[in-house]
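Asker: The structure under discussion is supplied below as structure tokens; questions concerning it will follow.
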Amino acid sequence: MDGVATRKRQVIERTSGTAVLNADDPRCLAMRDHTQAQQIVLVARSASHPAITRHCEAGGTAVVIDPPGEAEGRLCICDSAGITPLLALDEIPATMHGRASYNAENALFAAAAAMGLGLAREVIIAGLRSFTMSKEHTPGRMNVFDGLPFQVFLDYAHNAHGIKAFCDFSDKLPVAGRRIMVLFGVGDRSDGEIEANAAAAAGSFDYFLCRDSSARRRRMRGRNPGDVPRLLKAELMKHGVPGDRIELFPDQATALQRALEIVNSGDLLV
């Protein structure tokens, strides 16, 4: 990870205007010493972060959540004058009423970047209020399909970190029925990475439809068709999911067709 951070630091090293840095990540925070940017805006999930306090006392600017939390938190600008609220997380559609904590963090970075571009606060607020997780704005990323007797989310969370973040969000949703997930693993990843996807999802859903990544069979690391769903099933069972609650499918189309056959009113389908 240190090597990756060093390579990605090249962007900061070449920044002359505003550098936006994640104070919650020590590797990102350390990039302050490697930039010639005229302004550094720090981002953190809490206004009480020690680095935020020192930065603002020294005349810097930060974008934070205050008070720290999801449903009740507000996106705020913090500087030497104090904390100025912009808007509540609940007012930002992408946070799904504050439940999607990773999009709350994304909103912090979006606001900080917009400030660096010189946009007025009113414009930033309007942008955050109007941006939705939809097929128009973010195709394939946390899309919501309304107007059905069950909830449907489509998200291309293609690694364990993304799946875990999505599950942390979906765990907070009120669901009257079952929680059903169509799950896949990208075929050119290692066995461990594919298994990690299943492990991240295992505790959050009642029923799994594991599909193959047929579109990528040209890059399957020598695997045969069906190997990826079998890896997913074995890992799900290792984490306590009963085998009779897991079905395997050769491709996306058949898995989705089956999902629509079994989903009932009040269910959550992901």
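The values are calculated or read from the model by the stated rules, or taken from the named source; none is laboratory data. A quick note: this is a predicted structure, and the numbers were derived from the prediction, not measured. Backbone-built Cβ (ideal geometry, glycine too); neighbour counts: all protein chains shown. Note: accessible area is taken over every heavy atom of the protein model, side chains too, but ligands, DNA and RNA are not part of it. Shrake-Rupley method; radii C 1.70, N 1.55, O 1.52, S 1.80 Å.
Asker: What's the angle, to the nearest 10 degrees (0 to 90), between helix 227-238's Cα axis and the longest principal axis of the chain?
Answerer: Tilt relative to the chain: about 80 degrees.
Asker: Any idea what the alpha-carbon Rg over 2.2 N^0.38 Å comes to for the chain? Could you put the intermediate results ahead of the total?
Answerer: Working: Rg = 21.1 Å, N = 270, 2.2 N^0.38 = 18.5 Å.
Dividing the Cα radius of gyration by 2.2 N^0.38 Å gives 1.14.
Asker: What residue among Ala202, Ala234, Ala100 has the largest mean-square fluctuation in a Gaussian network model of the chain, using Cα springs under 10 Å?
Answerer: Ala234
Asker: Assuming R0 = 41 Å, can you tell me the calculated FRET efficiency for the pair Met1 and Ile262, based on Cβ-Cβ distance, to the nearest 0.05? Could you put the intermediate results ahead of the total?
Answerer: Details: r = 41 Å, r/R0 = 0.99.
In this case the efficiency is close to 0.50.
Asker: Sticking with this structure for a sec: Please report, as a whole percent, how much of the solvent-accessible surface of the chain comes from carbon and sulfur atoms (probe radius 1.4 Å). Could you put the intermediate results ahead of the total?
Answerer: Numbers: 7080 of 13510 Å².
The C+S portion of the solvent-accessible surface of the chain is 52 percent.
Asker: To continue, here is another question. Working with all protein chains in place, sort Val11, Val4 by solvent-accessible area computed with a 1.4 Å probe, largest first.
Answerer: Details: Val11 100, Val4 60 Å².
From most exposed to least exposed: Val11, Val4.
Asker: Calculate how steeply helix 101-116 sits against the longest principal axis of the alpha-carbon atoms of the chain, using the helix alpha-carbon long axis, and give the answer as 0 to 90 degrees to the nearest 10.
Answerer: 40
Asker: Name the long-range amide H neighbours of Leu86: under 5 Å, sequence gap of 5 or more, or other chain; modelled H, no Pro or chain starts.
Answerer: It is Leu75, Cys76, Ile77, by chain and number.
Asker: So who's got an amide H within less than 5 Å of the one on Asp251, skipping anything under 5 residues away but keeping other chains? H placed 1.01 Å off N, in plane.
Answerer: Those lying under 5 Å, H to H, from Asp251 are Asp212.
Asker: Hey, another quick one. In degrees between 0 and 90, to the nearest 10, how far off the longest principal axis of the chain does helix 121-130 point, with axes built from Cα atoms?
Answerer: Approximately 10 degrees, to the nearest 10.
Asker: If you don't mind, there's one more thing I want to ask. Per residue, what accessible area does the chain have, given a 1.4 Å probe and all protein chains present, in Å²?
Answerer: On the way: 13510 Å² over 270 residues.
I get 50 Å² per residue for the chain.
Asker: Under 23 Å between C-alpha atoms is the cut-off here; go through the chain and count lysine pairs that meet it, provided they're at least eight residues apart or on different chains. Can you show the working numbers first?
Answerer: Numbers: Lys135/Lys164; Lys135/Lys172; Lys164/Lys172; Lys164/Lys233; Lys164/Lys238.
For the chain, qualifying lysine pairs total 5.
Asker: Continuing with the same structure: Using a 1.4 Å probe, how large is the accessible area of Asp33, given in Å² and rounded to the nearest 10?
Answerer: For Asp33, solvent-accessible area is about 130 Å².
Asker: For the chain, what relative contact order do you get, as a whole percent, if you take Cα pairs closer than 8 Å and at least 6 residues apart? Walk me through the numbers before you get to the answer.
Answerer: Values: 499 pairs, mean separation 33.4, N = 270.
Averaging sequence separation for qualifying contacts and normalising by length gives 12 percent for the chain.
Asker: Can you give the accessible area of Arg258 in Å² (nearest 10), computed on protein heavy atoms with a 1.4 Å probe?
Answerer: The accessible area of Arg258 comes to roughly 80 Å².
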